[in-house]
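K.L.:
The structure that follows is given in the form of structure tokens.
What follows is calculated from the coordinates using simple rules that are stated; it is not laboratory data. Keep in mind that this is a model prediction, so the values were computed, not measured. Cβ: placed from backbone, ideal geometry, glycine included. Neighbour counts: every protein chain shown.
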Amino acid sequence: MALLDFFRQRKSNSAAVAKERLQILVAHDRRGGGPSYLPQLQRDLLQVIQKYVAVDNDAVTVNVERDGGQEILELNIVLPD
Amino acid sequence: MARIIVVTSGKGGVGKTTTSAAFAMGLAERGFRTVVIDFDVGLRNLDLIMGCERRVVYDFVNVIQGDANVGQALIKDKRSPNLFILPASQTRDKDALTVEGVGQVLEELGREFEFIVCDSPAGIERGATMAMYFADDAIVVTNPEVSSVRDSDRMIGILSSKSRRAEQGQEGIREFLLVTRYSPERVQRGEMLALEDVQEILSLDLIGVIPESSAVLNASNAGSPVILDRDSNAGKAYSDMVARYLGEDLPHRFLSVEKKGLFGRLFGG
Ligand SMILES: Nc1ncnc2c1ncn2[C@@H]1O[C@H](COP(=O)(O)OP(=O)(O)OP(=O)(O)O)[C@@H](O)[C@H]1O
Ligand SMILES: [Mg+2]
């Protein structure tokens, strides 16, 4: 077992994780973070949902996407398994 | 008219001052009259890396406030006749750097020098915005690491909007990516972002890759820009970077793990 771990550790994939996180971060930064009410909206939504379902604190994400002339408010709620 | 180059980064401690010193020395060695200015008011590091800390009498802020003229504040480098240093002050506050004041000093220097290298502080506070405002070219120093790459990306956005060139509707600042503290060993082990990953995210012209090297600390201990350590990989990589800046087309070096031959392995070569 220990030997197996040793071989597994030789090639870490932390750089791949870093790259993926960066791509998401940078895309978010470049959109300018969205309107200023987004963080509060996200907290309020989370509270409402937690009244009914035991979701994690990071279960709700909100985003504003611009698509041509339209603005789309995108809501993502991850329910527990 | 001198060309003004700002050495910048979002994140601190990534190698701006190391780069400013090496780059300015490299330009001077190639015969260009060069001045390197420390914009890090309050911290003052460049004079230490250049090894002229004991010769500082007047500084950048003294000149802006009229206590001294530029000629009195400039320190002549002892190694290259073409190189001068304008040090920052240690005590005064950052608000001393005004657009008019900095603009005037740069204009005056522009009559004497061919290249003006500005060592910027990290972040987007006054010293940094002043250093980038007047720039023609920017070197964005980045370590292969999440927070550094992210902050560089933000910096690139600011550079293209908050410069005099942008305000006056001129052609924008030329921006170059310099990756520093690169470790091919760690990249190979999957522990460090590879050069291609950094480039893919930042998509800027790559002007150089400086390997992680103990020569940099040795150089700073001695107060001698690392480009003068000609046998070191970091010194060579900086020298290549200067050549590329001046238009030469050189392949990037020190990107993969050096394979020692049997001979090297046996004798630790
Ligand atoms: N290629 C390199 N290899 C090893 N160490 C390095 C390399 N480049 C820089 N360093 C080290 O990193 C540290 C920070 O370097 P430096 O002072 O040039 O960064 P900086 O960006 O100017 O920092 P600040 O934001 O505080 O002004 C120093 O200790 C320096 O010796
Ligand atoms: Mg510095």
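K.L.:
Out of B:Gly208, B:Gly247, B:Gly12, any idea which swings most in a Gaussian network model of chain B, alpha carbons joined below 10 Å?
P.N.:
The residue that fluctuates most here is B:Gly247.
K.L.:
Placing +1 at every Lys and Arg Cβ and -1 at every Asp and Glu Cβ, with all other atoms neutral, what dipole size does the protein assembly as shown have around its Cα centre, in debye to the nearest 20? Mind dumping the intermediate values first?
P.N.:
Details: 41 positive and 49 negative charges, 207 e Å.
About 1000 debye.
K.L.:
A 32 angstrom limit on the alpha carbon distance is what I want to check against. Which of B:Lys78/B:Lys259; B:Lys78/B:Lys162; A:Lys19/A:Lys51; B:Lys16/B:Lys78; B:Lys16/B:Lys259 exceed it?
P.N.:
On the way: B:Lys78/B:Lys259 38 Å; B:Lys78/B:Lys162 36 Å; A:Lys19/A:Lys51 36 Å; B:Lys16/B:Lys78 22 Å; B:Lys16/B:Lys259 30 Å.
As for pairs spanning more than 32 Å Cα to Cα, those are B:Lys78/B:Lys259; B:Lys78/B:Lys162; A:Lys19/A:Lys51.
K.L.:
Can you tell me the Rg and the Dmax, both Å, for the Cα atoms in chain B?
P.N.:
When restricted to Cα atoms, chain B yields Rg and Dmax of 18.4, 64 Å.
K.L.:
Now for a different question. With everything on Cα atoms, drop me the angle between helix B:146-161 and the longest principal axis of chain B, reported from 0 to 90° to the nearest 10.
P.N.:
Tilt relative to chain B: about 40 degrees.
K.L.:
Sticking with this structure for a sec: Just to confirm the number: angle between the C-alpha axis of helix B:16-29 and the first principal axis of chain B, 0 to 90 degrees, nearest 10?
P.N.:
Tilt of helix B:16-29: around 80 degrees.
K.L.:
Then there is this: Could you sort B:217-226, B:248-257 so that the peptide with the highest average Cβ count within 10 Å comes first and the rest follow in order?
P.N.:
Details: B:217-226: 18.1, B:248-257: 11.9.
So the order, starting with the most tightly packed, is B:217-226, B:248-257.
K.L.:
Between segment B:69-98 and segment A:18-81, how many Å separate their Cα centres?
P.N.:
48
K.L.:
Go through B:185-196, B:129-140, A:52-63 and give me the packing order, highest mean Cβ count within 10 Å leading.
P.N.:
B:129-140, B:185-196, A:52-63
K.L.:
Counting only C-alpha contacts under 8 Å and six or more residues apart, can you give the relative contact order of chain B as a whole percent?
P.N.:
Reported relative contact order: 24 percent.
K.L.:
What share of the DSSP beta bridges in chain B is antiparallel, in percent to the nearest 5?
P.N.:
If we restrict to bridges inside chain B, about 5 percent are antiparallel.
K.L.:
Let me ask you something else. Averaging the inverse of every distinct alpha carbon separation and then flipping it gives the Kirkwood radius. What is it for segment B:1-100, in angstrom units? Spell out each step's value before the answer.
P.N.:
Working: mean 1/r = 0.0717 Å⁻¹.
Kirkwood radius, segment B:1-100: 13.9 Å.
K.L.:
Please report, in cubic angstrom per residue, the volume enclosed by the convex hull of the alpha-carbon atoms of segment B:140-243.
P.N.:
Considering the Cα atoms of segment B:140-243, their hull volume per residue is 122 Å³.
K.L.:
Which of B:Ile64, B:Thr8, B:Leu97 sits closest to the plus end of the dipole of chain B, meaning its Cα is farthest towards the positive end, when Lys and Arg get +1 and Asp and Glu get -1 on the C-beta?
P.N.:
B:Thr8
K.L.:
Can you give the three extents of the C-alpha atoms in chain A along their principal axes, from longest to shortest, in whole Å?
P.N.:
Each principal axis gives a Cα extent; for chain A these are 54, 35, 18 Å.
K.L.:
What whole-number distance in Å separates the alpha-carbon centres of segment B:147-192 and segment B:215-258?
P.N.:
Taking the Cα centre of segment B:215-258 as reference, the centre of segment B:147-192 is 19 Å away.
K.L.:
Taking a quarter of the surface of the convex hull around the Cα atoms of the protein assembly as shown, what do you get in nm²?
P.N.:
24.9
K.L.:
Mind putting a number on the dipole of segment B:114-269 about its Cα centre? Charges go on the C-beta only, +1 for Lys and Arg and -1 for Asp and Glu, and I need it in Debye to the nearest 20.
P.N.:
On the way: 17 positive and 24 negative charges, 81 e Å.
So the dipole magnitude of segment B:114-269 works out to roughly 380 debye.
K.L.:
Over the whole of A:12-20, what's the average partner chain Cβ count within 10 Å per residue? Rounded to a whole number, please.
P.N.:
Partner-chain Cβ atoms within 10 Å, mean over residues of A:12-20: 6.
K.L.:
Sort B:31-41, A:14-24 by packing, meaning the average of other beta carbons within 10 Å per residue, with the highest value first. If you can, show how the numbers build up before the last one.
P.N.:
Details: B:31-41: 23.9, A:14-24: 14.8.
Descending mean neighbour count gives B:31-41, A:14-24.
K.L.:
Which percent, to the nearest 5, of DSSP beta bridges fully inside the protein assembly as shown are antiparallel?
P.N.:
So the antiparallel bridges in the protein assembly as shown amount to around 25 percent.
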